Amino acid sequence: MYKTALVCGAGGFIGHHLVKRLKAEGFWVRGADLKYPEFCNTAADDFIQCDLRDVHSCKRIIDRSFDEVYQLAADMGGAGYVFGGENDADIMHNSALINLNILNYACEAGVKKIFYSSSACIYPEYNQMDPDNPICSEESAYPALPDSEYGWEKLFSERLYLSFYKDKKIEVRIARFHNIFGEEGTWQGGKEKAPAAICRKVAETADGGEIRIWGDGKQTRSFLYIDECLEGVRRFMDSEFTGPINIGSAEMVSINELADRVMAIAGKHLRKIHVPGPLGVRGRKSDNTLVKHKLGWAPSQPLNKGLRKTFDWIEAQLSIQKVCYNEFKQIEISAS
Ligand code: NAD
């Protein structure tokens, strides 16, 4: 008999990859999201387009005791969206409503296990001032001082899930993702993250040109390729541990180095121009001590492997856009 799963946020980057992974493992999968996946068809058996801030929608999609629910839906984006200062009310209100609704109805419907995607953004700013030595072990989350309202909402929701686990006896798994990237993720429009933004800038700039980098580029991060993220999520769901645990890479690079690596992949020499922009903390990387201890596993792929695949995909997206634009211009010219 197959297992059943509900993926909330199945139209998003991690969600639609997760649907594919669960299907490959033999699950019957329902996806739910405001939108369908942007770059390919969903692999879900059933996809319900709905607003998860709405209680009736949540009740409708959780109409059975799914074996597993994955709650990935959130109002989120890259640094430009999260640290821009204009979206805080939406981020907190929308994501909190989604979590309150989903968890409540999952409990009512007798769901066996629920996964919640928290974020490295919950870690206190005071531990991430030194770009070479950030502290991001799970227990360092308190005393809390995230550097964004996005981080505060994630921390509130972690506590919400833990309270339901304690009081209502639903099995919960909480992971803190650290910068997940890969193909079929947002790569333009303002919600893209650093790896996708840099791949796009490098791909669209001719050799010898220049690209803009926010800040001095010395801020550090670790980036995890999507396939390894999903491996971690599935191992975690099958484990006995509630979490929270980090799911991220321990390979830390500065944003300047990230840009240099993408340029090397593209075979281009570009000048980096540093401009003011929203930044976040000075340093952050995943501490994988606990994940190794609890799951006997940690991500191990070198960053460059995933970067190359992501760059190739974004370069291909730009070519498709160019062809479409030229065809459109051709039609305009012949019509006039
Ligand atoms: P994403 O933005 O691609 O996916 C989120 C999805 O949620 C989107 O498809 C969006 O349409 C959907 N959504 C938002 N509001 C909704 C609503 N009201 N009703 C229904 N659907 C709604 O983001 P992602 O990168 O796939 O991230 C998935 C989860 O992982 C999020 O919770 C995010 O906060 C968390 N996370 C991601 C990263 C990362 O690097 N990608 C890092 C840390 C945490």
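Measuring r between the beta carbons of K59 and S163 and using R0 = 25 Å, the FRET efficiency lands at 0.75. The label-point distance for Q188 and K305, in a model that sets each label 7 Å from Cα toward Cβ, rounds to 3.0 nm. Rolling a 1.4 angstrom probe over segment 1-80 with all protein chains present gives an accessible area of which 50% lies on carbon and sulfur atoms.
Round to the nearest 10 and give me the degree value, 0 to 90, for the angle of helix 303-335's Cα axis relative to the longest principal axis of the chain. Relative to the chain, helix 303-335 is tipped by roughly 70 degrees. Between K3 and C107, how many nm apart are label points set 7 Å from Cα along the C-beta direction? About 2.3 nm separates the two model spin labels.
Using a ≥ b ≥ c from the Cα gyration tensor of the chain (square roots of the eigenvalues), is it rounded, prolate or oblate, where a/c under 1.5 gives rounded and otherwise the larger of a/b and b/c decides, a/b for prolate?
Oblate, since a/c reaches 1.5 and b/c is not below a/b.
Shown in residue order for segment 31-41 are the 3J(HN,Hα) couplings computed by the Karplus curve 6.51 cos²θ - 1.76 cosθ + 1.60 at θ = phi - 60°: x, 9, 5, 5, 9, 7, x, 6, 10, 7, 6 Hz (x for Gly and Pro).
From the Cα gyration tensor of segment 270-320, with a ≥ b ≥ c the square roots of its eigenvalues, which class applies: rounded if a/c is under 1.5, or else prolate if a/b is larger than b/c, or else oblate?
Note, shape of segment 270-320 comes out oblate.
Of the solvent-accessible surface of segment 202-327, computed with a 1.4 Å probe and all protein chains present, 50% belongs to carbon and sulfur. Dipole size of the chain about its Cα centre, with +1 on Lys/Arg Cβ and -1 on Asp/Glu Cβ: approximately 480 debye, rounded to the nearest 20.
Length gained on full extension, D90 to D51: 12.6 nm, using 0.36 nm per residue less the C-alpha separation.
At full extension, N326 and F156 could sit 56.4 nm farther apart than now, given 0.36 nm per residue minus the alpha carbon distance.
Axis of helix 149-168 versus longest Cα principal axis of the chain: the two differ by about 20°, to the nearest ten degrees. Among 233-242, 219-228, sorting by the average number of other beta carbon atoms lying within 10 angstrom of each residue, highest first, gives 219-228, 233-242. If the segment from E171 to Y126 were pulled out straight at 0.36 nm per residue, it would be longer than the present Cα-Cα gap by 13.0 nm. Judged by the mean number of other Cβ atoms found within 10 Å, the most tightly packed of the peptides 210-217, 305-312 leads the ranking 305-312, 210-217.
Accessible area per residue for the chain is 45 Å², calculated with a 1.4 Å probe on protein heavy atoms, without ligands, DNA or RNA. Sort segment 203-303 into rounded, prolate or oblate with this rule: let a ≥ b ≥ c be the square roots of the eigenvalues of the Cα gyration tensor; rounded if a/c is under 1.5, and if a/c is not under 1.5, prolate when a/b is larger than b/c, oblate otherwise. Prolate, because a/c is 1.5 or more and a/b exceeds b/c.
The peptide list 174-185, 151-162, 39-50, put in order of mean Cβ contacts within 10 Å with the highest first, becomes 174-185, 151-162, 39-50.
The values are calculated or read from the model by the stated rules, or taken from the named source; none is laboratory data. Predicted model, so just to flag it, every value in this text is computed and none were measured. Glycine gets a Cβ as well: all are built from the backbone with ideal geometry, and neighbour counts include every protein chain shown. The accessibility values were calculated without ligands, DNA or RNA, using every heavy atom of the protein model including side chains. Shrake-Rupley method; radii C 1.70, N 1.55, O 1.52, S 1.80 Å.
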